[in-house]
Amino acid sequence: MQTAQSTKNGFLLINLGTPRSPSVKDVREYLGEFLMDRHVLDVPWFLRKIIVSGFILPFRPKDSAEAYGKIWTDAGSPLLVKSQTLADSLEAALGEPVALSMRYGSPSIHDGIQALKARAVDNVCIIPLYPQHADSTITTSIEAAVGALPEGMSSFVMPPFYKEPQHVKAWGEVIREHLPEQWDHLLFSYHGLPERHLETADPTKKHCLNCDDCCNVPSPAHETCYRHQVYETSKEIVKYLGLSDDQYGVSFQSRLGRLPWLTPYTDKVLEELPGKGIKNVAVVCPAFVVDNLETLEEMGMQGHETFMEAGGETFTLIPCINDSPVWVEGLADLCRKESEAHA
């Protein structure tokens, strides 16, 4: 039996993923893998296959490829480049092996685990790079990572870190650094989810979306409730910055399909703000720790256009915490604490 003294820890960062290139072919392949995940499109496999192959993949890849083309850099995908920089910086801070993987696309979770194995790691801390819990991000990442572990390799998981002081501080400092001198409103825009996903994740099966003000009524459901954790994230960052309740708002972006999704929708909020006298808006996206298509193109380009066409005067997109020194230091601290808890 392996002794604690002989165990070598390593850290596996898991982000969502990115196509190999902004070509329609590569985007179609990426979207196919992403949308066929049962945690993303939570319907039976046969129906999921019909929806994805018959109604989404024939049309969506072209538009998505155009969007990716707008943010692609000479170095490649911003999500991949910035995630790798975060992984490299984290390894330097920890002095222990760190590998990057993507739930969809490359480098795969299998690739990341094999890279750690090649460095003699036999105990892996699995770190889904999502602050708030959602089955479509965290649960699927953990399942895939545990399923890819070779014989003899153990693992433990870093839980959602949305309220951890290190995460809150990182966001607070990045926001403070990038807020313009003149701003009227700070909008926290989070990736949306179908309402059904909240009900599925609710272990009580009777709390989420089933009582008034459910996110503020104490419940075991909050342990896996994305919306509750989103609101808590915003409250903690606002508290750190010393803002008042009337200086910020929360909305949800990236809805897809006809099912009810979490509201209010970010695009609708941006359309309405100028009419309420809010002409200078700053937008921040704390569902992500690394900038990606949703932050750079959907918010930075589409959101900017929506707000300005509605009568806005200035639109400021606050970058994600990415590999900022305060976040690298904070994540390293969280890694050390998680390792000590599982020693």
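Taken over segment 36-64, the criterion of being closer than 16 Å to ARG196 by Cβ and in a helix (DSSP H, G or I) is satisfied by LEU47, ARG48, ILE51. Considered as a group, the residues in segment 274-333 that are among the small types (Gly, Ala, Ser) and either under 18 Å from LYS169 (Cα atoms) or part of a strand (DSSP E or B) (or both) include one that is nearest to the chain's Cα centre (by Cα), and that residue is ALA287.
The set of residues in segment 60-88 that are within 16 Å of LEU12 (Cβ to Cβ) and of a type in the set (Ser, Thr, Tyr) contains only SER83. Of all residues in segment 172-195, those satisfying the criterion of being loosely packed, with under 14 Cβ neighbours inside 10 Å and in contact (Cβ under 8 Å) with a residue 12 or more places away in the chain are ARG176, HIS178, PRO180, GLN182. Exactly one residue out of SER101, SER77 is over 17 Å from ILE142 (Cα atoms) and either buried (at least 18 other Cβ atoms within 10 Å of the Cβ) or of a type in the set (Gly, Ala, Ser) (or both): that is SER77. Report yes if some residue within segment 154-171 is of a type in the set (Ser, Thr, Tyr), out of contact with any helix residue (DSSP H, G or I) (no Cβ under 8 Å at 6 or more places or on another chain) and in contact (Cβ under 8 Å) with a residue 24 or more places away in the chain; otherwise report no. Yes - at least one qualifying residue is present in segment 154-171. Of all the criteria given as (1) under 22 Å from the mean Cα position of the chain (by Cα); (2) assigned to a loop (DSSP other than H, G, I, E, B); (3) closer than 25 Å to PRO160 by Cβ; (4) not charged (D, E, K, R), the one not satisfied by GLY257 is (3). HIS207 passes every criterion in (1) closer than 25 Å to VAL168 by Cα; (2) without any contact (Cβ under 8 Å) to a residue 24 or more places away in the chain apart from (1).
Scanning segment 270-298 for residues that are of a type outside the set (Phe, Trp, Tyr) and either within 20 Å of GLN229 (Cβ to Cβ) or surrounded by fewer than 18 Cβ atoms within 10 Å (Cβ to Cβ) (or both) yields a total of 15. Among residues of segment 255-279 that are modelled with pLDDT under 95, those with a Cβ under 8 angstrom from a residue that is part of a loop (DSSP other than H, G, I, E, B), sequence gap 6+ or separate chain, pair up as ARG255/GLY192.
Among residues that are of a type outside the set (D, E, K, R) and either in the same structural domain as GLY300 (by TED's automatic domain parsing) or outside any helix (DSSP H, G or I) (or both), ALA99 is included. If the condition is being surrounded by fewer than 22 Cβ atoms within 10 Å (Cβ to Cβ) and under 23 Å from ALA87 (Cα atoms), then segment 18-49 contributes ARG20, SER21, PHE34.
The values are calculated or read from the model by the stated rules, or taken from the named source; none is laboratory data. These numbers were taken from a predicted model, which means no experiment stands behind them. Counting neighbours? That spans all protein chains shown, and the Cβs are built from the backbone with ideal geometry, glycine included.
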